[in-house]
Amino acid sequence: MTEATMLAANAANEEYGGTLFRRGKNIIAVASGKGGVGKTFFSVTLSQALAKSGKKVLLFDGDLGLANVDVQLGLMPKRDLNDVIRGRLGLDKVIQRYEDGGFDIIAGRSGQASLSALPSQRLALLRDQLLEVAEKYDVVIVDLGAGVDRTVRMLSASATRTLLITTDEPTSLTDAYAFIKLGSAAGMSKYVSIVVNQASSASEGEKTYKTLLKACENFLRLHPPMAGMVRHDPRVKETIRHQTPLLTRSPNTEAAEDVEKIARAVLKDIADAQKQMTAAGAR
Ligand SMILES: Nc1ncnc2c1ncn2[C@@H]1O[C@H](COP(=O)(O)OP(=O)(O)OP(=O)(O)O)[C@@H](O)[C@H]1O
Ligand SMILES: [Mg+2]
C-alpha cells in the first residue's frame with residue numbers, strides 16, 4: 001500500500017475505529033507547523049506538571065534525528081532511540097528516569113539523519129512499541145519535530161490528542177493552519193487542539209486562537225478547540241539556559257501556572273477519551 005492510499009484508507013477508516021493507524025488511549029502529541037515555537041519546552045513542562053499531580057509520565061522525544069529533550073535538560077543518555085531503530089534494544093530498554101522532573105524519558109539521537117528518514121515499516125514498528133510501552137503509564141507525551149512529515153503524521157495519528165503549538169507570529173499561524181489542513185486529509189483533524197504559546201496576556205492568547213479558528217472555519221469547515229495558552233515569560237529562557245525544568249527552578253511564574261492549567265485539561269481529556277473508547281468497544 002502506498003503512503004497516499006494508506007492515508008486515504010485511514011481517513012475513511014476513522015468512522016470504523018481507525019484500525020490502520022492504531023490510536024493510544026493516553027498519548028498526547030505536541031506538534032507545530034513552524035519550528036522554534038516552544039514544543040520541547042512545553043512538552044517537558046507538561047510532563048513535569050502531570051508528574052507533580054501524581055501521574056506516571058513518559059516523555060518520548062519524537063523529534064527523530066534532531067533530539068531536543070535531552071539537550072534542553074542537559075542529559076547524557078546512555079541509550080536512545082538509535083539503539084531501538086537499529087534493532088539492538090526494545091523500546092522499553094531505553095527508558096531512563098529523570099529524577100529532577102519526576103518522569104521517565106526516551107531520548108532521541110541528535111544529528112542522526114537516518115532516524116528522520118525511516119522507512120514506513122520501521123516507523124510503524126516503533127509506533128507499535130510505543131503503544132505497548134504506553135500501557136505502563138498514565139500519560140505519554142510525544143515531542144514531535146516541526147512540520148507535518150511522515151513521522152509526525154504517524155506519531156500524531158497514534159495519539160489520543162495532538163496539541164498544536166502556535167505563537168501570534170503570522171508565519172507560525174500560517175504554518176499551524178497548514179498543519180491542520182494537511183492533517184485533515186490524513187483524518188487527524190478531529191483530534192487536534194490548539195495551544196497558543198508566548199502570549200503577551202491571556203486575552204491576547206485568546207485573540208490569536210480566534211484568528212486561527214476563523215481561518216479553519218472559513219476555509220476548512222473545521223473547528224479545532226483551544227487547549228489553552230501559555231504566557232511569554234522571561235523565566236522560560238532562563239530555565240532552558242540552566243538546563244533545569246521550569247517547575248523546579250521557577251514554579252510560581254505565569255508560564256508554569258498556565259502549563260499546569262493545561263495539564264489538568266489534558267487529564268480530563270484523556271479520561272473522556274478512555275470512556276468513549278470503552279463505550280465504543282462495548283457496543
Ligand atoms: N512561554 C515562553 N516564554 C518565553 N520564551 C519561550 C516560551 N516558550 C518558548 N520560549 C522560547 O522559545 C525557544 C524555543 O523553544 P523550544 O526549543 O521549546 O521550541 P521547539 O518548538 O521545540 O523548537 P524546534 O522546532 O526547534 O524543536 C526557547 O529556547 C525559549 O527561549
Ligand atoms: Mg523542539
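What follows is calculated from the coordinates using simple rules that are stated; it is not laboratory data. Remember, it's a predicted structure, so these values are computed and weren't measured experimentally. Because the Cβ atoms are built from the backbone with ideal geometry, glycine has one as well, and the counts that use them run over all protein chains shown.
Between Lys268 and Ser201, the modelled label-to-label distance comes to 2.5 nm, taking each label 7 Å out from Cα in the direction of the beta carbon. Val266 sits among other residues whose Cβ lies under 12 Å from its own Cβ, and their net charge, with Lys and Arg +1 and Asp and Glu -1, is +1.
How would you rank Asp128, Asp80, going from fewest to most other Cβ atoms within 10 Å of each one's own Cβ? Walk me through the numbers on the way to the answer.
Working: Asp128 13, Asp80 23.
Arranged by neighbour count, lowest to highest, Asp128, Asp80 become Asp128, Asp80.
Near Asp175, once Lys and Arg are set to +1 and Asp and Glu to -1 for all other residues with Cβ below 14 Å from its Cβ, the sum equals 0. Summary value for the chain: 25 percent relative contact order, contacts being C-alpha pairs under 8 angstrom separated by 6+ residues.
Per-residue Cβ neighbour counts within 10 Å put Glu260, Glu99 in the sequence Glu99, Glu260, beginning with the fewest.
Between Met277 and Met76, the FRET efficiency from the beta-carbon distance, with R0 = 45 Å, is close to 0.75.
Output the relative contact order of region 140-283, whole-number percent, from Cα pairs under 8 angstrom with separation of 6+ residues. Write down the numbers at each step before the final one.
Working: 161 pairs, mean separation 26.5, N = 144.
It rounds to 18 percent for region 140-283.
The mean sequence separation of alpha-carbon pairs under 8 Å and at least six residues apart, normalised by the residue count of region 75-182, gives a relative contact order of 18 percent.
So what is the 222 nm mean residue ellipticity for the chain from helices alone, if each DSSP H run of at least 4 adds -39500 (n - 2.57) and you divide by all residues, rounding to the nearest 500 deg cm²/dmol? Can you show the working numbers first?
Numbers: 12 runs with 133 residues, N = 283.
-14500 deg cm²/dmol, from helical runs alone.
Sort Arg22, Arg127, Arg86, Arg153 so the one with the fewest other Cβ atoms within 10 Å of its own Cβ comes first. Present the calculation step by step, with values, prior to reporting the outcome.
Numbers: Arg22 14, Arg127 20, Arg86 10, Arg153 24.
Lowest to highest Cβ neighbour count: Arg86, Arg22, Arg127, Arg153.
Which one, Asn82, Pro224, Leu131, is farthest towards the positive end of the dipole of region 20-276 when Lys and Arg carry +1 and Asp and Glu -1 on their Cβ? Farthest towards the positive end: Leu131.
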